[in-house]
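What follows is a single structure, written as structure tokens, with notes after it.
The values are calculated or read from the model by the stated rules, or taken from the named source; none is laboratory data. In this text the structure is predicted, and so the values were computed from the model without any measurement. Cβ atoms come from the backbone with ideal geometry, glycine included; neighbour counts cover every protein chain shown.
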Amino acid sequence: MAKEGILHLSYQERRRLARGLIFVSPWLLGLLLLGAYPLISSIYYSLHRYDLMRPAVFIGLSNYTELFTTDPTFKQALVNTFCYVGIGVPVSIISAFLAATLLNTKMLGRPVFRAIFYFPAIVPATVSATVWSFLLNPQYGAINATLRAFKLPIVPFLTSPTYAMPSVISIAWVWGCGYTMVLFLATLQDVPRELYEAATVDGAGAWHKYWNVTIPMCTPVILFNLVTGLIYGFQDFTFLRLLTNGGPGNATEVFSLELFKNAFEYLRMGKACAMAWVMFIIVVILTVLLFKSSARVVYYADTN
């Protein structure tokens, strides 16, 4: 049976359709102007030499080939990004899971501790970065002042190539893991008590119940946090920009920072668009690999 077109609609149906389109028009305009147009433009400009001042010049895939052949800063940024994400995401998940496990036990003042652990997650990243930059300052920072008071050598947390990346990872991923902790906390509270009772009957100890019951039941949320952490990590910008701006000596120069600098400092918009698409392809590939490799280790209670 052929589908009826708009011309076959009755007068009342056309009025309802027009009314519906009017109501959704703000969303449609937002999708076209803020979504579709930038997406198509980025593809277009990635194939051009464009500096915002002069007309774009078509150069084909030169921006992409330059990134992987003659741009050492891009290669360093790529390595730093994999380090930042590859270490930061697991550390964040482990920290959040351990904190959630602790806060899921019965203790005095548990609601207060939950609020304290979650509080950094609701503080704006700019505020957190500013506070930590003062705390870690080698001259007047509180942490180094404490070390100095105990006659210990000061640590150049943000000014040494050795300590800069670990310091930024600790601040960005561990300090702000409250949101991930809340997800784990909700998951832990949803684990069926019957499973623990059955494990107890079988003679399982606390560690065996934690390893064979608690963790398997939380694997879907672990996968979710891995994927969202991966996507967030490749786009993370605020902490790195405010704390180190890629320094010292490109030790913390990551993908998002290099993209920003190419676009708005060097005015190489075409190259920046190419970097954005390289980032998109990398994230898609890694996400697909995560889903493919998780089939045997993620336990879904409704399907197993």
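Let me confirm something: among Phe234, Phe280, Phe260, which residue is closer than 16 Å to Asp71 by Cα and not basic (Lys, Arg)? Testing whether each residue is closer than 16 Å to Asp71 by Cα and not basic (Lys, Arg) leaves just Phe260. Listed here are the helices (runs of 4 or more DSSP H) enclosed by the stretch 219-304 that have at least 1 residues being under 30 Å from Pro192 (Cα atoms): 269-293.
Being closer than 26 Å to Leu257 by Cβ, small (Gly, Ala, Ser) and either in the same structural domain as Arg241 (by TED's automatic domain parsing) or exposed (fewer than 13 other Cβ atoms within 10 Å of the Cβ) (or both) is the requirement here; does Ala100 meet it? Judged against the criteria, Ala100 is not a match. Of the helices (runs of 4 or more DSSP H) lying entirely inside the stretch 1-94, the ones with 1 or more residues being within 20 Å of Leu286 (Cα to Cα) are found at 62-69. Just to be sure, is Thr244 touching a Leu at 6+ places or on another chain (Cβ under 6 Å) and hydroxyl-bearing (Ser, Thr, Tyr)? Yes, satisfied.
Return the total of residues in the stretch 238-261 being aromatic (Phe, Trp, Tyr) and more than 16 Å from the chain's Cα centre (by Cα).
1
Residues in the stretch 179-206 that are aromatic (Phe, Trp, Tyr) and at pLDDT 90 or above were compared, and the one that is nearest to the chain's Cα centre (by Cα) is Tyr179. On the stretch given as the stretch 94-120, residues that are without any contact (Cβ under 8 Å) to a residue 60 or more places away in the chain and touching a Cys at 6+ places or on another chain (Cβ under 9 Å) total 1.
When the test is whether a residue is surrounded by 21 or more Cβ atoms within 10 Å (Cβ to Cβ) and within 18 Å of Val91 (Cβ to Cβ), Phe224 does not pass it. With the requirement that a residue be in a helix (DSSP H, G or I) and in contact with a helix residue (DSSP H, G or I) (Cβ under 8 Å, 6 or more places away or on another chain), what does the stretch 194-209 give you? Passing the criteria: Leu195, Tyr196, Ala199, Thr200, His208, Lys209.
Of the helices (runs of 4 or more DSSP H) lying entirely inside the stretch 111-193, not one carries at least 1 residues that are in the same structural domain as Ala96 (by TED's automatic domain parsing) and touching a His at 6+ places or on another chain (Cβ under 6 Å). The single condition among (1) touching a residue at least 12 places away in the same chain (Cβ under 8 Å); (2) in contact with a helix residue (DSSP H, G or I) (Cβ under 9 Å, 6 or more places away or on another chain); (3) at negative phi that Pro216 does not satisfy is (2).
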